[in-house]
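Read through the structure below, which is laid out as structure tokens, and then see the notes.
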Amino acid sequence: MSNTPQPAPVVSEHIELKARNVSFGWEKTPLHWIPGDPFTGHTINVLHLLLPAGERWFVHVYKQVLPYIRDERLREDVIGFIGQEATHSAAHDDVLPHLKALGLDPTPYTAQVDWLFEKLLGDRTLPPGRARQWWLMERVATIAAIEHYTAFLGDWILNADALDERGADAVMLDLLRWHGAEEVEHRSVAFDLFMHVDGSYRRRARTWATAFAALLFLWQRGARFFMENDPSLLDGKATVGAFLRAGRQGTLPTAGAMARSIPRYLSRTYHPSQEGSTAQAVAYLASSPGANGGR
Ligand SMILES: [Fe+2]
Ligand SMILES: [Fe+2]
């Protein structure tokens, strides 16, 4: 028997995952939905640029993996995950026409993100066999790495009381917290799937490095794009100083918390259930206006 430590869930809870019918009305949400703080709002708005194409891509890849799943419960989890991610993608996509109506056309950026996910990370014309299998496993591992960060951000937004204290728009907060809560709820699925179909530590570490670098690059570029194209700002800039300041104020995650999340994912005993609280996520989902028919 091997002495290598194995990833294991910390709790034996299992939740049946389902997509919820959500409804968010954007008519009253202002461009600067955190009053007086366009930088923080736009940094969070980058989610609306990345997630529609990114989560569509998750769904596309996972539909190809379904035939390789030999565990019935995991298959059910993956099907639930696909339903939730498809809903997330559509909900963030719905924010974009509102931003455009407020004078901030996101199309130049989203066109590049679409190319990234559909072409660069899409199905390459590979012959059936090892090369095609390799590319599928690379993408499954990449999704597991990205889901480490969606769970991190989900846990963060559920606890970001500073956004309420700053008077952030209630509908935007509800979208972010509904999504964040579902990310916490399904945080183990992508990792469990990767371990089930492949599980190579070298692949996990390699795809983490690529995903982390790509996320940092896309995020700072997206924040700069919004700040520079915001029609109400004369000299809008996204700076590292502003990011660190927002972290200290609790309106964005801190650089320290992001740095500490790295060795956790790379630990050989990592399992996503060690992060976040399912009970907190489920409680939010029960009370979310948007996830309960927009009441
Ligand atoms: Fe999602
Ligand atoms: Fe997710």
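Go through segment 73-117 and give me each residue that's aromatic (Phe, Trp, Tyr) and either at pLDDT below 95 or more than 16 Å from the chain's Cα centre (by Cα) (or both).
109, 115, 117
Can you tell which of 139, 177 is basic (Lys, Arg) and within 22 Å of residue 19 (Cα to Cα)?
177
Of 205, 170, 160, which residue is away from ligand 1 (no atom under 14 Å from the Cβ), small (Gly, Ala, Ser), over 15 Å from residue 274 (Cα atoms) and surrounded by 20 or more Cβ atoms within 10 Å (Cβ to Cβ)?
160
Provide a single number: the residues in segment 239-251 that are part of a loop (DSSP other than H, G, I, E, B) and surrounded by fewer than 15 Cβ atoms within 10 Å (Cβ to Cβ).
Total satisfying the criteria: 1.
Among the numbered criteria (1) under 28 Å from residue 268 (Cα atoms); (2) within 16 Å of ligand 1 (Cβ to nearest atom); (3) surrounded by 21 or more Cβ atoms within 10 Å (Cβ to Cβ); (4) not hydroxyl-bearing (Ser, Thr, Tyr), which single criterion is violated by residue 175?
(1)
Mind listing just one residue for me: the one in segment 128-157 that is farther than 23 Å from residue 276 by Cα and of a type in the set (Gly, Ala, Ser) and, of those, surrounded by the most Cβ atoms within 10 Å (Cβ to Cβ)?
131
Please tell me if residue 233 is more than 15 Å from residue 151 (Cβ to Cβ) and free of Cβ contacts under 8 Å to residues at least 40 places away in the same chain.
Here the answer is no, as residue 233 does not meet what is asked.
If we only count helices (runs of 4 or more DSSP H) wholly inside segment 81-171, which ones have 3 or more residues that are closer than 17 Å to residue 218 by Cα and more than 16 Å from ligand 2 (Cβ to nearest atom)?
107-115
Exactly one of these conditions fails for residue 120: (1) modelled with pLDDT under 90; (2) more than 18 Å from residue 211 (Cα to Cα). Give me its number.
Condition not satisfied by residue 120: (2).
Picking from 236, 180, 199, which residue would you name as being closer than 30 Å to residue 284 by Cβ and either within 16 Å of ligand 2 (Cβ to nearest atom) or part of a loop (DSSP other than H, G, I, E, B) (or both)?
180
Check whether at least one residue in segment 276-284 is surrounded by fewer than 17 Cβ atoms within 10 Å (Cβ to Cβ) and without any contact (Cβ under 8 Å) to a residue 24 or more places away in the chain, and report yes or no.
For segment 276-284, residues surrounded by fewer than 17 Cβ atoms within 10 Å (Cβ to Cβ) and without any contact (Cβ under 8 Å) to a residue 24 or more places away in the chain: present.
Tally time: how many residues in segment 101-118 are more than 16 Å from residue 50 (Cβ to Cβ) and out of contact with any helix residue (DSSP H, G or I) (no Cβ under 8 Å at 6 or more places or on another chain)?
Adding up the residues that qualify gives 3.
Among what's in segment 66-95 and is surrounded by fewer than 20 Cβ atoms within 10 Å (Cβ to Cβ) and charged (D, E, K, R), pick the residue that is nearest to ligand 1 (Cβ to nearest atom).
Among them, the one singled out is 93.
The values are calculated or read from the model by the stated rules, or taken from the named source; none is laboratory data. Just so we're clear, the structure is a prediction, and the values are computed from it rather than from any experiment. Please note: Cβ atoms are built from the backbone with ideal geometry, for glycine as well, and neighbour counts cover all protein chains shown.
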